[in-house]
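The values are calculated or read from the model by the stated rules, or taken from the named source; none is laboratory data. Because the structure is a prediction, the values reported are computed rather than measured. FYI the Cβ positions are ideal-geometry reconstructions off the backbone, even for glycines, and counts take in every protein chain you see.
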Amino acid sequence: MENTNNNHHALNRIPASEHRIDESKICGQARHVVETLLKAGYEAYLVGGCVRDLVLGIEPKDFDVATNAHPEQICEHFSNSRLIGRRFRIVHVYFYRNNIEVSTFRAQTSQTKANSQSSTAGANGRILRDNTFGTIEEDAIRRDFTINALYYDIENSEVLDYCHGYQDLQARKICMIGNAETRYREDPVRMLRALRFHAKLDLAIQNETKGPIKPMGHLLSEIPPARLFDEVIKLFHSGYAVRCFQQLEKFDLLKVLFPITHEALNHDESFSSLIHNALKNTDARIRNGKSVNPAFIFAILLWRPYLQLLEQSNQQGIPHAEGAWSSGRTTVLDQSTVTSIPKRFSVTICEIWKLQNRFLKKRSHKSLRLISHPRFRAAYDFMCLRARSGELDEENCTWWTQIQTVSEQEQRKMVDQNNRKPRKRKNKQSL
């Protein structure tokens, strides 16, 4: 391993004989972007999470590129590119069903630069805009964790490490670059990233990096709701949603991200069983390559708060259909003040909730129309999770599972058989 001193950190060049990265796992489109910029005379490297994952032997899902070319210069070399972002100006180079994110090396932001036109920090230390371009070593230092400050030199098959990230990966630990409290103030979302990497990669969080998370968690409330929505989806669609949720509870961040969920959990322990089963199911679907919908996990996390509002609506004598929609909208709006929920998902959430009542009506042939509803599958999965968590009779899930597999004639027989059975008392959590 070669060491080269510079003004900031010593550069460690890790050769292929040591890092043993399987280059067949490098996306061809990312390689094309790097090689195009190199041919144009710029520096260009793979950077961040993709390098981290390659070192760990994991096939990366996304590839990012860092270069000394400025955003406008990058766009000149790719007709299929677009300049995006205000806080960070970056370039997306688009390919079929994929895009490569290309960013310019940035200098470390500090309070002394806060008054410049290209770098702005708020009174609380949070970075509001950061387009101060710099060198690769400055770019490395301004990244969040050492394990994300690795660069891959495709020409020489070397990992470039300015912040001891390679050693930290070997030691399986997550360390903040610089003072953790200062870096969390600059961008509180780094706290969520630390917990996600811990859960996903099974790396220990260094004490100095972990210590400030609980006392500084309240800073997340200052992050725009739209950005927090994206971060929450990353947590719960990481394939390690159960672990991520446990970490949110451990560090008191659940009450910041989902205050009404946190409150409901304090008053209803059985709610945790439903959430755990849903997150476990989501993890299994992702591992098996199945699709997942953000609306579903939000419907689970907000279910009890919704039920509480619906019960109040019923007590006021409001018709069920009207109460279900109004309670659903209110619940979603309450959560949206913290994590925004796009309309396409909020409508699905409310439909999943409203359909739960129809699963209890199995004595009328009209109930069979539910199977053709566009949200049937999501609502059915939701209902089965409720049954698995002890909220409904398992027989209810079994009946709706079976009726999907038989002919229309057999479906009608099943409904008729229900009419000959004595009526059962409604479950406590029935709608």
By residue number, the members of segment 220-237 that are over 13 Å from the mean Cα position of the chain (by Cα) and buried (at least 18 other Cβ atoms within 10 Å of the Cβ) are Leu220, Ile223
Tally the residues that are in a helix (DSSP H, G or I) and either of a type in the set (Lys, Arg) or within 15 Å of Ala321 (Cβ to Cβ) (or both), restricting the search to segment 365-378. 4
If you go through segment 9-31, how many residues are touching a residue at least 24 places away in the same chain (Cβ under 8 Å) and either in a helix (DSSP H, G or I) or small (Gly, Ala, Ser) (or both)? 8
What are the residue pairs meeting all of these: first residue in segment 244-273, first residue touching a residue at least 12 places away in the same chain (Cβ under 8 Å), second residue charged (D, E, K, R) and part of a loop (DSSP other than H, G, I, E, B), Cβ atoms under 8 Å, and 6 or more apart or on different chains? Ser270/Glu391
Selection count, segment 307-328, where residues are among the acidic types (Asp, Glu) and either buried (at least 19 other Cβ atoms within 10 Å of the Cβ) or in contact with a helix residue (DSSP H, G or I) (Cβ under 7 Å, 6 or more places away or on another chain) (or both): 0
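Test Val91 against the criterion of being assigned to a strand (DSSP E or B), in contact (Cβ under 8 Å) with a residue 24 or more places away in the chain and touching a helix residue (DSSP H, G or I) at 6+ places or on another chain (Cβ under 7 Å), and give yes or no. Before the answer, list the steps.
Numbers: assigned to a strand (DSSP E or B): yes; in contact (Cβ under 8 Å) with a residue 24 or more places away in the chain: no; touching a helix residue (DSSP H, G or I) at 6+ places or on another chain (Cβ under 7 Å): yes.
Considered against the rule, which asks whether it is assigned to a strand (DSSP E or B), in contact (Cβ under 8 Å) with a residue 24 or more places away in the chain and touching a helix residue (DSSP H, G or I) at 6+ places or on another chain (Cβ under 7 Å), Val91 comes out as no.
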Within segment 31-55, which residues are crowded, with 24+ Cβ neighbours inside 10 Å, β-branched (Val, Ile, Thr) and more than 30 Å from Asp202 (Cβ to Cβ)? Val33
Flag if Glu410 is more than 28 Å from Glu269 (Cα to Cα), in the same structural domain as Phe345 (by TED's automatic domain parsing) and not in a loop (DSSP other than H, G, I, E, B): yes
Of the conditions (1) closer than 25 Å to Phe258 by Cα; (2) part of a helix (DSSP H, G or I), Thr339 satisfies every one except a single condition; which number is it? (2)
Given the options Lys173, Lys210, name the one that is basic (Lys, Arg), out of contact with any strand residue (DSSP E or B) (no Cβ under 6 Å at 6 or more places or on another chain) and within 27 Å of Gly57 (Cα to Cα). Lys210
Only one residue in Gly289, Gly211, Gly217 is touching a residue at least 24 places away in the same chain (Cβ under 8 Å), out of contact with any His (no Cβ under 6 Å at 6 or more places or on another chain) and surrounded by fewer than 18 Cβ atoms within 10 Å (Cβ to Cβ). Which one? Gly211
So for segment 366-381 (the condition being within 19 Å of Phe271 (Cβ to Cβ) and more than 24 Å from the chain's Cα centre (by Cα)), does at least one residue qualify? no
Examine segment 357-364 for a residue that is assigned to a loop (DSSP other than H, G, I, E, B) and crowded, with 16+ Cβ neighbours inside 10 Å, and state whether such a residue exists. yes
Of all helices (runs of 4 or more DSSP H) fully inside segment 258-336, the set with 2 or more residues that are assigned by TED's automatic domain parsing to the domain that holds Ser389 and within 16 Å of the chain's Cα centre (by Cα) is 270-287, 294-301
